[in-house]
Amino acid sequence: MNTPDIFSYIKQQESAFETDEVKLGDNWSWSFRTHVQMIFHLKNGIFFTGENNWIRAFKNIMLPMLNLAYWTEDIEVKEVTFFIENLTGRALSFLIKKYHDEVYVRENDLDTLFDEITESDLDYGGVLIQKTNTKRPEVIQLNTIAFCDQTDILGGTIAFKHHFSPDKLRAMKKNGWGDEKNGATISLDELITHASFEKAPSGMNSTKENTVPSKTIEVYLLRGALPEHYLEDNDNMEDWYNQVQVVAFYTAKNKNKEGVVLYRKKETEDTLLFHTSKKIEGRALGQGEGETLVHPQIWTNFLTIHKMNLLESASKIPLYTDDQSYANRNKIQDMENLEITTIEDNKRIYQVPTAAPSNIQLIQNATNEWFEHAQLTASAYDPVLGKEASSGTTFRGQERSVAQGRGLHDRRKGQRAKFIERIYREIIIPDIVKDILGGKKFLATLTGEEMTWISDQLATNEANKRVKESMFDAVRGGKPMMSEADRDQFVRTFKELFSKKGSKHLLEVLKDEFEGVEVKMGINIANKQKDLANVSDKILSIFQYIFANPQGFQQAMQIPALARSFQDILEFSGMNQSDFQSLLTPMNAPQLSAPQTPSQTPQQPMLNQPVTA
């Protein structure tokens, strides 16, 4: 690489990215940019090559099938369930679920995030996520990529091209842009004075720019391994380090493009996540549904255009006659309806044959074949599309056809659910924990019953810790092991002190409780990780006869095994256990003791045994 500076490097790589292809097989070359631009055009009903006008027929079969896939594979926020099978962690599960449902989802619009992930993966065969300082991860539009490694999207340096308005650029000051301490060669305010009214289309370079009504600045964001020379302005082109570079370009008075640095630092952690539902070895993007529909779409357009040409030809009625003087005497196109003309004796007027109906039917049959092929590749069969079943189809047969048609969609949805789980573990859950421990006012919404339930859980956890410590002390020959009575007294004292100190004290207690929560917590998305509903149904069947007798249920709750099973139903169903705290109150009553035999000896308390409150 002989580029003397970061600006030349960007322009050189961007120019090569527009034309270069990578070799995937003996007869298979692939271009990232062409792939994205072609699908972007076709799904929006625009020809990728040739004229785009309203008299050139475009029959869009791609978009309806993509829309079906969006709907069928949609993951909704309500399908995200948190659960902790270990009883000692359920207070944390409750707080995270409550904050997630009542605050985080609304503030960060997670529904839109899930939709963007689904659409990018289906359209182009991959989705690229960037961690941001504004908490909500951002789905990067693939046509904003200026250049990348076409064989592995995260395997090398990747650059994104954006355009910032003056206000949006000034807002980036909070991220350190324009600060000399961060390697900037120009301030943001000074750069804004060079802003222009022209903006290059996304994913395009060296082309006519669009004129816009407001000033805009062209900015490139680079991530990946680059020579130290670009970071330190030295002569070291041999040592490469992971860097973040923010570079802007503006047009100087001499009409030349000038480059400036807004930010440059070594990158210490990965901030990009990538997912594809169907990986293709050797290229940066996998195979999405959009790619499988490219050929059906192109050939459908080809046949539709020719069919329209035939129809246009068939709509004309050219004539010929052996009466050589007829055309001079009569202008057929100017004649009135039922106007009478004459021809010479033994002469006739004939119609020139144009498009035969059979030819039009052949083209229509070919078009239908391509549509059926598109349905097959996209798993968009008639029942899934909502079309009425053919006569004689039974309801069960229709239902089975729909289920089979959803098979591929369910598989891809499950793969995407695992990726969203990763986003939760690496980005969303740490943000929620940080917010809760930061004293968010959200905790003021906790009801008295919820606070009581949480205090019960925390008291149980702390008591179990004390029991473990006392057991270790006993083994080492120290203090005697904590008795059951001492344990119960500790729980009561803990809850009394806890209730007096309010929610602020709750946050202080949770600082230690939240250590490693992202590892302990289960995240179930679209029932991919665990069929919680089925588990709940199985446990619920045990209680069917109890629910008919409320008094019997209250007595059953005094039995620890049944009480824990009922808590499992609530946890696995995604419900808040605190809502049922008053129902579980009888658990505080003395347990029914079984008759004791004279030879029976007292049992030592077991570790992690929950307080049967």
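When residues in region 259-307 are screened for being over 29 Å from Asn60 (Cβ atoms) and among the basic types (Lys, Arg), 3 of them pass. Of the helices (runs of 4 or more DSSP H) entirely within region 270-332, those holding at least 3 residues that are under 25 Å from Trp370 (Cα atoms) occupy 289-292, 294-314.
On the stretch given as region 156-173, residues that are modelled with pLDDT of 95 or more and part of a helix (DSSP H, G or I) total 0. Any residue at all in region 431-450 that's at pLDDT 85 or above and among the small types (Gly, Ala, Ser)? No, region 431-450 contains no residue that is at pLDDT 85 or above and among the small types (Gly, Ala, Ser). Go through the residues of region 283-292 one by one and say whether even a single one is surrounded by 15 or more Cβ atoms within 10 Å (Cβ to Cβ), over 35 Å from the mean Cα position of the chain (by Cα) and in contact (Cβ under 8 Å) with a residue 40 or more places away in the chain. No: zero hits.
For the criterion of being in contact with an Asp or Glu (Cβ under 7 Å, 6 or more places away or on another chain) and under 15 Å from Val294 (Cβ atoms), Ile39 passes.
Scanning region 119-139 for residues that are among the β-branched types (Val, Ile, Thr) and touching a residue at least 40 places away in the same chain (Cβ under 8 Å) yields Val127, Ile129. Would you be able to say whether some residue in region 207-221 is within 30 Å of Thr118 (Cβ to Cβ) and exposed (fewer than 15 other Cβ atoms within 10 Å of the Cβ)? Scanning region 207-221 turns up at least one residue that is within 30 Å of Thr118 (Cβ to Cβ) and exposed (fewer than 15 other Cβ atoms within 10 Å of the Cβ). For region 108-131, check the following and say yes or no: at least one residue is surrounded by fewer than 20 Cβ atoms within 10 Å (Cβ to Cβ), in a loop (DSSP other than H, G, I, E, B), touching a helix residue (DSSP H, G or I) at 6+ places or on another chain (Cβ under 7 Å) and of a type outside the set (Lys, Arg). No, region 108-131 contains no residue that is surrounded by fewer than 20 Cβ atoms within 10 Å (Cβ to Cβ), in a loop (DSSP other than H, G, I, E, B), touching a helix residue (DSSP H, G or I) at 6+ places or on another chain (Cβ under 7 Å) and of a type outside the set (Lys, Arg). Taking region 15-31 as the range and being touching a Lys or Arg at 6+ places or on another chain (Cβ under 8 Å) and in a helix (DSSP H, G or I) as the test, the residues that pass are Phe17, Glu18.
Looking at Tyr241, is it of a type in the set (Phe, Trp, Tyr) and under 22 Å from Arg170 (Cα atoms)? No. Based on what the data block shows, is Pro383 under 30 Å from Leu122 (Cβ atoms) and either in a loop (DSSP other than H, G, I, E, B) or at pLDDT below 90 (or both)? Yes, satisfied. Would you be able to say whether some residue in region 247-264 is under 28 Å from Thr132 (Cα atoms), under 26 Å from the mean Cα position of the chain (by Cα) and in contact (Cβ under 8 Å) with a residue 60 or more places away in the chain? No, there is no match, as no residue in region 247-264 is under 28 Å from Thr132 (Cα atoms), under 26 Å from the mean Cα position of the chain (by Cα) and in contact (Cβ under 8 Å) with a residue 60 or more places away in the chain.
Looking at Thr34, Thr3, which is the one that is modelled with pLDDT of 90 or more, out of contact with any strand residue (DSSP E or B) (no Cβ under 8 Å at 6 or more places or on another chain) and of a type in the set (Ser, Thr, Tyr)?
Criteria check complete, one pass: Thr34.
Candidates Gly126, Gly176: the one that is in contact with a Phe, Trp or Tyr (Cβ under 8 Å, 6 or more places away or on another chain), small (Gly, Ala, Ser) and at pLDDT 95 or above is Gly126. Taking region 443-495 as the range and being within 19 Å of Lys97 (Cα to Cα) and among the hydrophobic types (A, V, I, L, M, F, W, C) as the test, the residues that pass are Leu443, Ala444, Leu446, Met451, Trp453, Ile454, Leu458.
Have a look at Asp345, Asp322 and point out the one that is surrounded by 10 or more Cβ atoms within 10 Å (Cβ to Cβ) and more than 30 Å from His306 (Cα to Cα). Spell out the reasoning first.
Working: Asp345 fails: surrounded by 10 or more Cβ atoms within 10 Å (Cβ to Cβ).
That would be Asp322, the only listed residue that is surrounded by 10 or more Cβ atoms within 10 Å (Cβ to Cβ) and more than 30 Å from His306 (Cα to Cα).
The values are calculated or read from the model by the stated rules, or taken from the named source; none is laboratory data. All values derive from a computational prediction rather than experimental measurement. A quick note on method: Cβ atoms are made from the backbone with ideal geometry, for glycine too, and the neighbour counts reach across all protein chains shown.
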